[in-house]
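First comes the structure, then the notes that go with it.
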Amino acid sequence: MGKFTEFKLMLKSLPIGQHEFEYHLGKEFFQNMENEDVRDADVRVRLDVDHRAECYELRFHLSGVLTLLCDRCLDELPLDIDTVYDLTVKYGDDYDDETDSLLVIPQNDNYLNVAYIIYDTAVLAIPQRHVHPMGKCNRAMSALYKKHARNADDEDAALEDELMSEIDDIAEVED
């Protein structure tokens, strides 16, 4: 049994009409996807499938909590996610995923493994910068950060003064 067999959506055997599927994403799901950023997860996925004559309308709704590391203090940061992704799936001659909203799969495929679609939807719901709200970071780490940021500012100021002095010397030589 493979890592993602529970995510196989048997499209060809679905009767025309509306269908609902539920999945749960935990820590193991993200480990299997080899994602080291997500430390823990408790995400519910509801997949609504509307099978029409020629296509399948899929709506993925993900809601729950992903646990990441704070970019500022490196403590765990629970991040609420609530996102929706709509996708139309059709059968065609060849596989084609050129657009974000339409997926064409070969006629001989009986199923669609939705694990990677769900994974992409979850990961895209994570903001690029994930930090605790102001005042909620680990105090000891915040103090170290401020100390080093101040020292870096002092070093930057000294370097800037040195460069300005060199520019002035060059200007005097040219005059």
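The values are calculated or read from the model by the stated rules, or taken from the named source; none is laboratory data. Note that the coordinates shown come from a computational prediction; the quantities given were computed from them, not determined experimentally. Quick reminder, even Gly has a Cβ in these numbers, built from the backbone with ideal geometry, and neighbours come from all protein chains shown. Surface areas here come from the heavy atoms of the whole protein model, side chains and all, with no ligands, DNA or RNA. Shrake-Rupley method; radii C 1.70, N 1.55, O 1.52, S 1.80 Å.
Within the bounds of the stretch 49-59, is there any residue that is out of contact with any strand residue (DSSP E or B) (no Cβ under 8 Å at 6 or more places or on another chain) and either assigned to a strand (DSSP E or B) or over 26 Å from Asn35 (Cβ atoms) (or both)? It would help to see each step written out before you state the result.
Residues of the stretch 49-59 that are out of contact with any strand residue (DSSP E or B) (no Cβ under 8 Å at 6 or more places or on another chain), as a first pass: 52-53.
Applying the additional criterion that residues be either assigned to a strand (DSSP E or B) or over 26 Å from Asn35 (Cβ atoms) (or both) yields 52-53.
Yes, the stretch 49-59 contains a residue that is out of contact with any strand residue (DSSP E or B) (no Cβ under 8 Å at 6 or more places or on another chain) and either assigned to a strand (DSSP E or B) or over 26 Å from Asn35 (Cβ atoms) (or both).
Select from the stretch 24-57 the residues that are under 18 Å from Thr67 (Cα atoms) and open to solvent by less than 90 Å² (accessible area, probe 1.4 Å) and list them in ascending order. Break it down stepwise before answering.
At the first step, the residues of the stretch 24-57 found to be under 18 Å from Thr67 (Cα atoms) are 24-45.
Within the stretch 24-57, Leu25, Gly26, Phe29, Phe30, Asn32, Met33, Asn35, Val38, Asp40, Ala41, Val43, Val45 meet the criteria.
Filter the stretch 70-88 down to residues that are part of a strand (DSSP E or B) and open to solvent by 50 Å² or more (accessible area, probe 1.4 Å), then give me how many there are.
Looking only at the stretch 70-88, we keep the residues that are part of a strand (DSSP E or B), and these are 76-88.
Subset that is open to solvent by 50 Å² or more (accessible area, probe 1.4 Å): 76, 78, 80, 82, 84-86.
Matching residues across the stretch 70-88 total 7.
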Q: Look at Gly64 and say whether it is of a type in the set (Gly, Ala, Ser) and over 30 Å from His132 (Cα atoms).
A: no
Q. Is there any pair linking a residue in the stretch 119-142 that is more than 28 Å from Leu47 (Cα to Cα) and open to solvent by 30 Å² or more (accessible area, probe 1.4 Å) to one that is in a loop (DSSP other than H, G, I, E, B) and at pLDDT 90 or above, with Cβ under 6 Å and at least six apart or on different chains, and which?
A. Val131/Cys70; Asn138/Asp75
Q) Can you name the number of the only condition in (1) open to solvent by less than 30 Å² (accessible area, probe 1.4 Å); (2) small (Gly, Ala, Ser); (3) farther than 26 Å from Phe30 by Cα that Gly64 fails? A) (3)
Q | Condition broken by His19, with the remaining ones in (1) of a type outside the set (Lys, Arg); (2) within 26 Å of the chain's Cα centre (by Cα); (3) open to solvent by less than 100 Å² (accessible area, probe 1.4 Å); (4) farther than 19 Å from Asn108 by Cα satisfied | A | (2)
Q: Provide a single number: the residues in the stretch 107-128 that are farther than 19 Å from Val49 by Cα and not in a loop (DSSP other than H, G, I, E, B).
A: 2
Q.
Pairs please, first residue from the stretch 23-40 and under 13 Å from Phe7 (Cα atoms), second anywhere and surrounded by 15 or more Cβ atoms within 10 Å (Cβ to Cβ) and of a type in the set (Gly, Ala, Ser), Cβ atoms under 6 Å, 6+ apart in sequence or on different chains.
A. Leu25/Ala41
Q: Among the residues of the stretch 89-100, write down those that are assigned to a loop (DSSP other than H, G, I, E, B) and open to solvent by less than 90 Å² (accessible area, probe 1.4 Å).
A: Asp97, Thr99
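Quick test for you: out of Asp71, Asp40, pick the one residue that is touching a Ser or Thr at 6+ places or on another chain (Cβ under 6 Å) and within 30 Å of Tyr145 (Cα to Cα). Break it down stepwise before answering.
Details: Asp71 fails: touching a Ser or Thr at 6+ places or on another chain (Cβ under 6 Å).
None of the other options fit; the residue is Asp40.
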Q) more than 14 Å from Ile118 (Cα to Cα) and free of Cβ contacts under 8 Å to residues at least 24 places away in the same chain - does that describe any residue in the stretch 6-14? A) no
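Out of the residues in the stretch 101-118 that are open to solvent by less than 80 Å² (accessible area, probe 1.4 Å) and within 19 Å of the chain's Cα centre (by Cα), which is farthest from Arg46 (Cα to Cα)?
Of the stretch 101-118, the ones open to solvent by less than 80 Å² (accessible area, probe 1.4 Å) are 101-106, 109, 112-115, 117-118.
Now narrow it down to the ones that are within 19 Å of the chain's Cα centre (by Cα): 101, 113-115, 117-118.
Numbers: Ser101: 18, Asn113: 15, Val114: 12, Ala115: 13, Ile117: 13, Ile118: 10 Å.
Within the stretch 101-118, the match that is farthest from Arg46 (Cα to Cα) is Ser101.
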